[in-house]
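Notes to accompany the following structure.
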Amino acid sequence: MPNLLLAGFMGTGKTTLGLQLAKRWRRKFLDTDEMVEKLAGASVADIFAQHGEAHFRNLERQVVESLLPESGAVIACGGGLVVPPGMASLVRSKGVVITLFASVETILRRTSGNTRRPLLRGEDPEGKIRELMKKREQAYLKAGIAVFTDGRSLQQLTLIVERVYEREVRALQKAKTK
Ligand code: S3P
C-alpha cells in the first residue's frame, strides 16, 4: 500500500493522528524530524541553532529523497518540509499526501509552552504563526489534500483521513490500469 504522508503546520496534529493510523493499520510510523535528528546526530533545535534553517531544510530534503520507504508507512512530515520549491512535488511522489489545517488559536494552544520548536520561540508566537501560515498556505494546499481539524475528535479525524486515503489509493490504482 502507498505511504500516507501527513503534512501541515506545527501543532495541527500530524504526529498524534499518524501514530493512531499506524496503529490501526498495523503499519510503521515515521517522523521526518526524528529521521533528520538521526541523520545529523543532533536535535532539531541544535541544528537550527548551530547551522541555521537552510541546513535543516537540506537535511529534510535528503531524508525525503533517500531515506523514506517506498511504501507501507505512515509518515509525519516536519511543518516546513513541503514549503521550499520542489518539495511539495517530491513529497507527492512518495505516496498519498494529506495536509492538516488548524486555526491559529488551536495551533497556539497546542504549541504553547513547548520549547522544542525553534521557529515559535520568540516574543510573539501568535504573530509568528500568522506570518508563517500566510507564507506557507499555498504550499500546503499544493502539497496535499486539505483536512481541517478544528472541532473534530481524534476518532473522527482518523476515519476522515482513512476515507480520503482509501479514495486516493483507488484513484491511483485506476490510473495505473488505464
Ligand atoms: C518546523 C516544524 C517542526 C520542525 C522544525 C521546523 C516548521 O516540525 O520540523 O521545528 O518549519 O514548521 P513539527 O511540525 O513536527 O513541529
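What the table shows:
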item	result
Residue-normalised accessible area of the chain, expressed per residue, 1.4 Å probe, Å²	54 Å²
Solvent-accessible surface ranking, highest first, for Arg110, Arg27, Arg61 at 1.4 angstrom	Arg110, Arg61, Arg27
Ellipsoid semi-axes in whole angstrom, largest first, where each is sqrt(5λ) of the Cα gyration tensor of region 1-40	18, 14, 9
Nonlocal amide H pairs with Asp31, under 5 Å, H built at 1.01 Å	Ala76
Residue-averaged [θ]222 nm for the chain, counting only DSSP H segments that reach four residues, each worth -39500 (n - 2.57)	-16500 deg cm²/dmol
Computed label-point distance, nm, for sites Glu34 and Arg163 using a 7 Å Cα→Cβ extension	2.9 nm
Extension gain from Glu137 to Leu19, taking 0.36 nm per residue of separation minus the Cα-Cα distance	40.0 nm
More than 19 angstrom apart: percent of Cα pairs within the chain	56 percent
Alpha carbon centroid spacing (whole Å) that separates region 47-83 from region 140-161	21 Å
Förster radius 35 Å - calculated FRET efficiency between Asp46 and Arg130, Cβ distance, rounded to 0.05	0.85
Neighbour net charge for Trp25 - beta-carbon separation under 12 angstrom, K R +1, D E -1	+3
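The values are calculated or read from the model by the stated rules, or taken from the named source; none is laboratory data. What you are looking at is a predicted structure, and each value in this text was computed from that prediction instead of being measured. Cβ: placed from backbone, ideal geometry, glycine included. Neighbour counts: every protein chain shown. Keep in mind that these areas ignore ligands, DNA and RNA; they rest on the heavy atoms of the full protein, side chains included. Shrake-Rupley method; radii C 1.70, N 1.55, O 1.52, S 1.80 Å.
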